[in-house]
Amino acid sequence: MRPYAKTLLVVGAMMASTAQADLNVKFVEGAPKDRFRIENTGTCDIQNASLSIDLSSSQGGLIFDVTSAGAGVEVFQPFEIVEGRESLSELPTILDGQSNVTLQIDELQPNEVIVFSIDVDDTLGQREITVTGSEIEGGSIGFEMAQRQEVALFSPSSFAEVTLSDC
């Protein structure tokens, strides 16, 4: 075998054995409930972590509308876990008009999801009850696990991805 071929095999084996932990967050506008879908798309367990969704820097000045009285408009929806409750160590408390929420993740295995519904309203646009992708752009995701901190921003397509180099 040629010397460079051995090097390629070793490098390839090292790359193949590197496990990734990636977390995708997708906002889905809906009526009457909006949803956030959080998925572990990596190959590693996510354990004892926190995930913060902060909409205060979003293009639409987005807020959570969880009660009939307060900062939101028209229809409201309380925070509700739709899928993945067993992955959380506790449920957050969200106040009407709040623009951020932090989820405490106990364990989220590869391909598992956490989905929650809530009403999100914009405070800067003309249609306050409908949130388009460009209105969530600039909102951020903060992820912390084992003394690692990562931040990702929502794109105009209502998507954010936290990429971790390895487990």
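The values are calculated or read from the model by the stated rules, or taken from the named source; none is laboratory data. A quick note: this is a predicted structure, and the numbers were derived from the prediction, not measured. Please note: Cβ atoms are built from the backbone with ideal geometry, for glycine as well, and neighbour counts cover all protein chains shown. Heads up: the accessible areas ignore ligands, DNA and RNA and are worked out on the full protein's heavy atoms, side chains in. Shrake-Rupley method; radii C 1.70, N 1.55, O 1.52, S 1.80 Å.
The table for this structure:
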{"read-out": "Formal net charge of residues neighbouring T102 (Cβ-Cβ distance under 11 Å; K, R +1; D, E -1)", "value": "-3"}
{"read-out": "I53, I94, reordered so the largest accessible area comes first (probe 1.4 Å)", "value": "I94, I53"}
{"read-out": "Extension gain from V82 to L124, taking 0.36 nm per residue of separation minus the Cα-Cα distance", "value": "12.3 nm"}
